[in-house]
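A.B. asks: One structure coming up, written as structure tokens, with questions to follow.
The values are calculated or read from the model by the stated rules, or taken from the named source; none is laboratory data. Computed from a predicted structure; not experimentally measured. Positions of Cβ are generated from backbone atoms using ideal geometry, with glycine treated the same way; all protein chains shown enter the neighbour counts. The accessibility values were calculated without ligands, DNA or RNA, using every heavy atom of the protein model including side chains. Shrake-Rupley method; radii C 1.70, N 1.55, O 1.52, S 1.80 Å.
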Amino acid sequence: MSKFQVNKTYAEINARIRAGEAVVVNAEEMIDIVRRDGPVEAARKVDVVTTGTFSTMCSSGAFLNFGQTTPTIKAARVWINKVPAYAGLAAIDIYLGVTEPAEDDPLNKIYPGEFRYGGGHIIEDLVAGRKVFLEAKAYPTDCYANRKCKKELALADMGHALLCNPRNGYQNYNCAVNMTDRTVYTYMGTLKPHCRNANYCSAGELSPLLNDPYYRTIGLGTRIFLGGGVGYVTWQGSQHNPHAPRSPNGTPRRPAGTIMVQGDLKQMSAHWLRGVSLQGYGCSLAVGLGVPIPILDEEMAYFTGVSDAEIFTQVVDYGHDYTNRVDRNYGEVSYAALRSGEIEVAGKKVPTAPLSSRVKALEIAEILKQWILDRKFELGEPVAQLPTVDYSVDINK
Amino acid sequence: MYTRIYFLRFPKETSDQPIIYQLVRRYDIEFNILKADILPQREGIMILELKGLRENVKEALAYLKDLGVNVERLAGKIRRDEDRCFQCGACTGVCPVGALFIRRPDMAVLFDPEKCTGCGLCVPVCPIRAMEVCFDEIVEEALI
């Protein structure tokens with residue numbers, strides 16, 4: 001006997017999608033529906049809630065198979081547009097990480113460095129259809145005699161190209177300030193001294209894992225929007241931590257869950273995979289990610305009805321504490337406060353700036369909604385769950 | 001009151017003259033120098049905010065042009081690449097005058113070139129380098 005009043009299966013929801021009868025809303029629209037009708041009615045009405053996020057996600061990269069040469073080569077060291085790729089795999093398989101800078105980049109020698117071009121930019125170039133220049137060095141063997149190769153190639157010339165991101169979609173993230181007396185250049189942006197600005201980086205109420213706080217539906221095999229194409233959740237992301245402190249509504253108040261995702265790079269677009277340069281920090285890739293959440297029952301309706309006013313994060317000093325691993329925060333703030341443009345830190349008003357694009361997050365949720373309504377996209381039922389914790393949430397509160 | 005920000009380029013010959021002083025004396029203009037790079041016997045540049053009666057500002061600009069000073073609206077020299085910008089909002093944390101700002105509640109990141117003073121802080125902060133401030137090259141050339 002189920003503890004819920006509404007009970008739907010993935011198969012039932014997919015049948016409704018195929019029949020063109022599924023009711024799909026984005027996570028922002030769901031807030032009002034749950035508020036107005038309550039979770040039980042909302043669960044009866046809505047089949048799928050779409051989420052989205054678009055921001056820099058450093059733990060990303062691509063497996064590329066760059067095509068054989070004559071004579072054959074077992075590449076040992078590989079550069080694409082002067083950016084080193086990891087070649088310690090089979091003959092012509094490489095992994096290109098997005099934070100890898102070009103080998104001749106001055107890095108932070110002229111501080112703060114600009115980091116104009118790196119792995120993330122190559123991925124953007126490839127999906128934009130631009131050609132890249134590949135160089136490889138190798139030691140010869142009887143089966144792979146070539147010692148080196150140079151070639152210009154496009155994404156279409158590669159036999160296989162897989163975007164494979166070991167950690168994306170962080171469930172919540174710190175709000176960064178700087179309590180020291182000098183400007184710091186971090187992956188959380190430029191932070192002025194004496195806590196004169198605060199940066200935050202989450203899509204909040206639109207963010208995938210904040211809409212499924214205990215990973216009931218997001219698991220191995222969940223089909224997703226990834227970089228403009230279709231991808232999958234393939235594992236929990238590195239640093240996945242379900243044990244973070246949580247609010248009564250289940251959302252974590254610290255960085256918590258993460259997902260590993262992958263998908264065919266050839267389906268993706270430069271609109272949703274963008275090479276980025278973070279001053280003083282390095283290069284990376286902005287990734288567009290969207291996850292559909294099936295409303296299996298009223299508890300999932302309740303979870304997806306969460307709003308920015310009910311999601312909190314901690315304020316962390318990136319001038320000293322973060323680098324020195326000092327476990328301290330300067331209070332907690334809601335995403336509603338962060339979005340208002342001003343928060344209070346240690347009794348002082350501090351202006352805020354986002355690093356995650358709200359506009360693009362909503363656009364992704366809308367695209368995913370349209371895919372489902374157009375019957376082009378069905379839900380993937382997870383074959384295994386991500387690590388989670390026991391919980392009890394009162395959905396009538 | 002009429003307020004506009006201008007980008008001025010001074011030819012070599014004018015770099016030792018008290019031109020800005022004349023703007024105040026002759027045309028009753030309130031000025032605010034936002035950026036200046038003027039060296040004797042070299043071409044100089046200045047970003048100048050002028051405030052005054054509309055006709056006075058017009059006459060002041062005509063006076064500058066007569067002296068051979070090249071005058072352009074600063075707003076025309078700052079550009080955001082709208083295709084590249086994905087509206088993250090990082091720039092809004094450093095823009096000192098609110099020319100880059102967030103519209104609420106939809107969190108669209110907007111750029112108002114009229115408010116821009118050309119400080120250039122947004123250029124390196126933008127992760128995809130969508131902001132273009134094109135007088136930097138001129139400044140560099142002027143310094144060589």
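A.B. asks: For the range A:311-395, which trypsin sites (Lys or Arg not before Pro) pass both filters: DSSP loop (anything but H, G, I, E, B) and at most 14 other C-beta atoms within 10 Å?
C.D. replies: Working: sites: A:ARG325, A:ARG328, A:ARG339, A:LYS348, A:LYS349, A:ARG358, A:LYS360, A:LYS369, A:ARG375, A:LYS376; in loops: A:ARG325, A:ARG328, A:ARG375, A:LYS376.
Counting only loop positions with at most 14 other Cβ atoms within 10 Å, the trypsin sites (Lys or Arg not before Pro) in the range A:311-395 are A:ARG325, A:ARG328, A:ARG375, A:LYS376.
A.B. asks: Further question on the same structure: What's log10 of I(q)/I(0) for the range A:1-139 at q = 0.10, 0.12, 0.18 Å⁻¹, Debye sum over Cα points only, no solvent?
C.D. replies: -0.62, -0.71, -0.97
A.B. asks: Using only Cα atoms, what is the ratio of the radius of gyration of the range B:61-134 to 2.2 N^0.38 Å?
C.D. replies: 1.27
A.B. asks: Same structure, new question: Which of A:LEU89, A:LEU220, A:LEU163 moves the most in a Gaussian network model of chain A with Cα springs under 10 Å?
C.D. replies: Greatest mean-square fluctuation among the candidates belongs to A:LEU89.
A.B. asks: Dividing the Cα radius of gyration by the Kirkwood radius, what Rg/Rh value follows for chain B? Don't skip to the answer; put the middle values down first.
C.D. replies: Working: Rg = 16.7 Å, Rh = 16.3 Å.
For chain B, the value is 1.02.
A.B. asks: Right, here's the next one. Compute log10 of I(q)/I(0) for the range A:86-136 with the Debye formula, placing one identical point scatterer on every Cα and leaving out solvent, at q = 0.23, 0.30 Å⁻¹, to two decimals.
C.D. replies: Calculated log10 I(q)/I(0) at the listed q: -0.97, -1.19.
A.B. asks: GNM on chain A, C-alpha springs below 10 Å: top fluctuator among A:SER247, A:SER202, A:SER59?
C.D. replies: A:SER247
A.B. asks: Here's something else I'd like to know. Expressed as a whole number of Å, what is the distance separating the alpha-carbon centroids of the range A:182-196 and the range A:319-338?
C.D. replies: The two parts, judged by their Cα centres, are 13 Å apart.
A.B. asks: In chain B, which Cys residues have no partner Cys with a Cβ closer than 4.7 Å?
C.D. replies: Among the cysteines of chain B, those whose Cβ sits 4.7 Å or more from every other are B:CYS85, B:CYS88, B:CYS95, B:CYS116, B:CYS119, B:CYS126, B:CYS134.
A.B. asks: Let me ask something additional. Output wanted: per-residue J couplings in Hz (rounded whole) for the range A:359-367, from phi through Karplus 6.51 cos²θ - 1.76 cosθ + 1.60, θ = phi - 60°, x for Gly and Pro.
C.D. replies: So the Karplus estimates, Gly and Pro as x, are 4, 6, 4, 5, 4, 5, 4, 6, 4 Hz.
A.B. asks: Residues with amide H under 5 Å of A:THR50's amide H, sequence separation 5 or more or different chain, H placed in the peptide plane at 1.01 Å from N; which?
C.D. replies: It is A:VAL25, A:ASN26, A:ALA27, A:ILE293, by chain and number.
A.B. asks: Can I ask one more? Excluding same-chain residues fewer than 8 positions from B:LYS115, which lysines have a Cα within less than 30 Å of its Cα?
C.D. replies: Within the straight-line cut-off, B:LYS115 pairs with A:LYS192, A:LYS348, A:LYS349, A:LYS360, B:LYS12, B:LYS35, B:LYS51, B:LYS58, B:LYS65, B:LYS77.
A.B. asks: A follow-up question, please. Return the loop-located chymotrypsin sites (Phe, Trp or Tyr not before Pro) in the range A:292-397 (DSSP other than H, G, I, E, B) with at most 14 other Cβ atoms within 10 Å of their own Cβ; answer none if there are none. Walk me through the numbers before you get to the answer.
C.D. replies: Numbers: sites: A:TYR302, A:PHE303, A:PHE312, A:TYR318, A:TYR322, A:TYR330, A:TYR335, A:TRP371, A:PHE377, A:TYR391; in loops: A:TYR318, A:TYR322, A:TYR330, A:PHE377, A:TYR391.
Loop-located and lightly packed - A:TYR391.
A.B. asks: From the Cα gyration tensor of the range A:255-334, with a ≥ b ≥ c the square roots of its eigenvalues, which class applies: rounded if a/c is under 1.5, or else prolate if a/b is larger than b/c, or else oblate? Could you put the intermediate results ahead of the total?
C.D. replies: Numbers: a/c = 2.62, a/b = 1.08, b/c = 2.42.
Note, shape of the range A:255-334 comes out oblate.
A.B. asks: Pop out the ³J(HN,Hα) list for the range A:17-24 in order, Karplus 6.51 cos²θ - 1.76 cosθ + 1.60 with θ = phi - 60°, rounded to Hz; leave Gly and Pro as x.
C.D. replies: 4, 4, 7, x, 10, 5, 9, 10
A.B. asks: Something else: When only DSSP loop residues count, what GluC sites (Glu not before Pro) in the range B:31-108 have their Cβ near at most 13 other Cβ atoms within 10 Å? Display every interim value, and only then the final one.
C.D. replies: Details: sites: B:GLU43, B:GLU49, B:GLU55, B:GLU59, B:GLU72, B:GLU82; in loops: B:GLU43, B:GLU82.
Qualifying residues, ordered by number: B:GLU82.
A.B. asks: For a quick check of understanding: with a 1.4 angstrom probe and all protein chains in place, what accessible area in square angstrom does A:CYS58 have, to the nearest ten?
C.D. replies: The accessible area comes out at roughly 50 Å².
A.B. asks: Identify all aspartates and glutamates with a Cα-Cα distance to A:LYS45 below 16 Å; exclude those on the same chain that are fewer than 8 residues away in sequence.
C.D. replies: A:GLU12, A:GLU21, A:GLU28, A:GLU29, A:ASP32, A:ASP37, A:ASP297, A:GLU298, A:GLU299
A.B. asks: What distance in nm separates the two pseudo spin-label positions at B:ARG54 and A:ASP181, each 7 Å out from Cα along the beta-carbon direction?
C.D. replies: 5.1
A.B. asks: Over chain A, with a Gaussian network built from C-alpha contacts below 10 Å, which listed residue (A:ARG116, A:ARG182, A:ARG167) shows the highest mean-square fluctuation?
C.D. replies: Of A:ARG116, A:ARG182, A:ARG167, the most mobile in the Gaussian network model is A:ARG182.
A.B. asks: Okay, next question. Please list the non-local residues whose amide H lies under 5 Å from the amide H of A:GLY275, H modeled 1.01 Å from N, same-chain partners needing a gap of 5 or more.
C.D. replies: Under 5 Å from the amide H of A:GLY275 lie the amide H atoms of A:GLU124, A:ALA286, each far enough along the sequence or on another chain.
A.B. asks: Along the charge dipole of the range A:187-298, Cβ charges K/R +1 and D/E -1, which of A:GLY282, A:ASN249, A:ILE218 sits furthest on the positive end?
C.D. replies: A:GLY282
A.B. asks: Do you know which residues of the range B:75-96 lose at least 20 square angstrom of accessible area in the protein assembly compared with their chain on its own, with a 1.4 angstrom probe?
C.D. replies: B:ARG84, B:PHE86, B:GLN87, B:CYS88, B:ALA90, B:GLY93, B:VAL94
A.B. asks: Using the heavy atoms of the protein chains and a 1.4 angstrom probe, tell me the accessible area per residue for the range A:31-98 in square angstrom. Spell out each step's value before the answer.
C.D. replies: Values: 2480 Å² over 68 residues.
Per residue, the range A:31-98 has 36 Å² of solvent-accessible surface.
A.B. asks: Give a residue-ordered list of calculated ³J(HN,Hα) values for the range A:44-53 (Karplus: 6.51 cos²θ - 1.76 cosθ + 1.60, θ = phi - 60°; whole Hz; x for Gly, Pro).
C.D. replies: So the J values, rounded to whole Hz, are 5, 7, 9, 9, 9, 10, 9, 10, x, 7.
A.B. asks: Just from the alpha-carbon atoms, what are the Rg and Dmax of chain A in angstroms?
C.D. replies: Reported Rg and Dmax, both Å: 22.4, 72.
A.B. asks: Would you compute the Debye intensity of the range A:171-241 from its alpha-carbon atoms alone, equal scatterers and no solvent, and pass along log10 I(q)/I(0) at q = 0.18, 0.19, 0.24, 0.26 Å⁻¹ to two decimals?
C.D. replies: Result of the Debye calculation: -0.81, -0.85, -1.06, -1.16.
A.B. asks: Using the crude model of +1 on Lys and Arg Cβ and -1 on Asp and Glu Cβ, and no other charge, please compute the dipole size for the protein assembly as shown relative to its Cα centre, in debye to 20. List each step's numbers first, then the result.
C.D. replies: On the way: 62 positive and 64 negative charges, 96 e Å.
Result for the protein assembly as shown is approximately 460 debye, rounded to the nearest 20.
A.B. asks: Find which of A:GLN5, A:THR53, A:ALA22 sits farthest along the positive direction of the dipole of the range A:1-54, computed with +1 on the beta-carbon of Lys and Arg, -1 on that of Asp and Glu, about the Cα centre.
C.D. replies: Value: A:GLN5.
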